[in-house]
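Enquirer: The structure that follows is given in the form of structure tokens.
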Amino acid sequence: MKSTLLYEGKAKKVYFVEGDSEKLILSYKDDATAFNGKKKSVFPGKGKLNNEISAAIFEYLQDQGISSHFVQKLNETEQLVYQTEIIPLEVVVRNIAAGSITRRLPIEEKTVFPKPLVEFYYKSDIWDDPLINDDHACILTGLSLHELKEIKDNALKINDQLRKLFAGINLTLVDFKLEFGKRKNTIILADEISPDTCRLWDKDTMEPLDKDVFRKGTGNLLEVYQELLNRLEAIR
Ligand code: C5P
């Protein structure tokens, strides 16, 4: 089924599908990177965990009426997705201050925002994924302001759904990153949603169940990703 490699990113490989030009196969790698690839490590089994977690989250979102590129999980590390023309934006939604916003602005970590914040970053390794405003985003992507608003509204809707999902497993959704793609002229959710791309804090202990344990060197990545998967499976 899998044919030639289309693209290899930091956390996934993307393959063409033999005889089906509409779909692609995402293969989750065991590599972990942080700070735009400046910190790297390999965790055998991470690819399997993120494939399962991301598939479970996309299935949940589809049940809530959020359309995405996700078709189905194929095996331990691979999933089938619709091919999209990826929009080079990282769309970050923040409910609570953590990470880069606390380094860029005088906002203390754990500050709860009165309403969720949506930020756009231009997806470019050589430019170090700079934070951009709506007008920059339109120039850099060719999207209209109307399409950009559609992405923002969609990101906020996804935030509402994800907050509900994670609250049900005793987790606070602090922030997360989404990517969108165009398929047949429609903008849909793409890429992955996993502990690599979200900050999730246990509601009782405030301990993270996400990639911050690797970024900060404060915990065992495989253990916390497995704990997240166990909680998601318990409510399926
Ligand atoms: O680094 P920062 O604090 O801006 O990250 C905000 C959120 O976006 C975090 O959940 C982080 O995991 C996610 N993110 C990501 N990929 C990036 C940058 C941020 O998944 N390249």
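No value in this document is a laboratory result; all are computed from the given coordinates. All values reported here derive from a predicted model rather than from experimental measurement. Neighbour counts run over all protein chains shown; Cβ positions are idealised from the backbone, glycine included.
Enquirer: Hey, got the dipole for region 66-190? About the Cα centre, +1 on K and R Cβ, -1 on D and E Cβ, debye to the nearest 20?
Expert: The dipole magnitude comes to about 420 debye.
Enquirer: Give the lysines whose C-alpha is closer than 16 Å to that of residue 184, dropping any in the same chain fewer than 8 places away, or say none.
Expert: Leaving aside lysines fewer than 8 places away in the same chain, those within reach of residue 184 are 23.
Enquirer: Each label point is 7 Å from the Cα along the Cα-to-Cβ direction; what then is the distance between the points at residue 1 and residue 216, in nm?
Expert: 3.9
Enquirer: Quick one: 90, 52, 18, fewest Cβ neighbours within 10 Å first, how do they rank? Could the numbers behind the result be given before it?
Expert: Working: 90 19, 52 22, 18 11.
With the sparsest Cβ surroundings first, the list reads 18, 90, 52.
Enquirer: Ok, one more. What are the residues whose amide H is under 5 Å from the amide H of residue 124, where those residues sit 5 or more places off or on another chain and H is modelled from the backbone?
Expert: Long-range HN contacts for residue 124: 129.
Enquirer: Tell me which of 5, 21, 209 sits at the most positive position along the dipole axis of the chain, charges placed on C-beta atoms (Lys, Arg +1; Asp, Glu -1).
Expert: Toward the positive end, the furthest listed residue is 209.
Enquirer: Please tell me the relative contact order of the chain in percent, rounded to the nearest whole number, where contacts are Cα pairs under 8 Å and at least six residues apart.
Expert: The normalised contact order for the chain reaches 17 percent.
Enquirer: Something else now. Based only on other Cβ atoms within 10 Å, what is the fewest-to-most ordering of 94, 104?
Expert: 104, 94
Enquirer: So how much slack lies between residue 36 and residue 86, counting 0.36 nm per residue of separation and subtracting their Cα-Cα distance, in nm?
Expert: 16.1 nm
Enquirer: Next question. Mind checking which lysines have their Cα closer than 23 Å to the Cα of residue 203? Skip sequence neighbours fewer than 8 apart in that chain.
Expert: The qualifying lysines are 110, 115, 157, 164, 177, 211, 216.
Enquirer: About its Cα centre, what dipole magnitude does the chain give when the only charges are +1 on Lys and Arg Cβ and -1 on Asp and Glu Cβ, stated in debye to the nearest 20? Don't jump to the answer; show the numbers that get you there.
Expert: Values: 34 positive and 38 negative charges, 48 e Å.
For the chain, the charge dipole is close to 220 debye.
Enquirer: Taking amide hydrogens as modeled 1.01 Å from N in the peptide plane, which residues meet the under 5 Å criterion relative to residue 176, leaving out close sequence neighbours?
Expert: Under 5 Å from the amide H of residue 176: 93, 199.
Enquirer: Please state the relative contact order of region 42-121 as a whole percent: Cα pairs under 8 Å, 6+ residues apart?
Expert: It comes to 22 percent, rounded to a whole number.
Enquirer: How far, in nm, would the chain grow between residue 135 and residue 152 when pulled straight, counting 0.36 nm per residue and subtracting the alpha carbon separation?
Expert: Values: separation 17, 0.36 × 17 = 6.12 nm, distance 1.36 nm.
Once the chain is fully extended between residue 135 and residue 152, it gains 4.8 nm.
Enquirer: Output wanted: per-residue J couplings in Hz (rounded whole) for region 120-127, from phi through Karplus 6.51 cos²θ - 1.76 cosθ + 1.60, θ = phi - 60°, x for Gly and Pro.
Expert: Result, rounded to whole Hz: 10, 10, 7, 6, 7, 4, 5, 9.
Enquirer: Return the long-range amide H neighbours of residue 32 (sequence gap of 5 or more, or a different chain), with a cut-off of under 5 Å between placed amide H atoms.
Expert: Correct list: 41, 42, 43.
Enquirer: Any idea what the dipole of region 170-221 comes to, in debye rounded to 20, about its Cα centre with Lys/Arg Cβ at +1 and Asp/Glu Cβ at -1?
Expert: For region 170-221, the charge dipole is close to 340 debye.
Enquirer: Between residue 62 and residue 235, what length comes free when the chain is fully extended (0.36 nm per residue of separation minus the Cα-Cα distance, one decimal in nm)?
Expert: My answer for the length gained is 60.7 nm.
Enquirer: May I pose another question? Would you mind computing, in nm to one decimal, how far apart the modelled labels at residue 103 and residue 18 are, each placed 7 Å from Cα along Cα→Cβ?
Expert: 4.5
Enquirer: Compare the Cα positions of 142, 101, 121 along the charge dipole of region 91-146 (+1 at Cβ of Lys, Arg; -1 at Cβ of Asp, Glu; about the Cα centre) and return the one farthest towards the positive end.
Expert: About the Cα centre, the residue reaching furthest to the positive side is 101.
Enquirer: Apply the Karplus curve 6.51 cos²θ - 1.76 cosθ + 1.60, θ = phi - 60°, to the phi angles in region 57-62 and return the couplings in whole Hz, x for Gly and Pro.
Expert: 6, 5, 5, 4, 5, 4
Enquirer: Continuing with this model, one more query. In sequence order, what are the phi-derived ³J(HN,Hα) couplings for region 144-152 according to the Karplus relation 6.51 cos²θ - 1.76 cosθ + 1.60 with θ = phi - 60°, rounded to whole Hz, with x for glycine and proline?
Expert: Running phi through 6.51 cos²θ - 1.76 cosθ + 1.60 with θ = phi - 60° gives 7, 4, 5, 5, 5, 5, 4, 5, 4 Hz.
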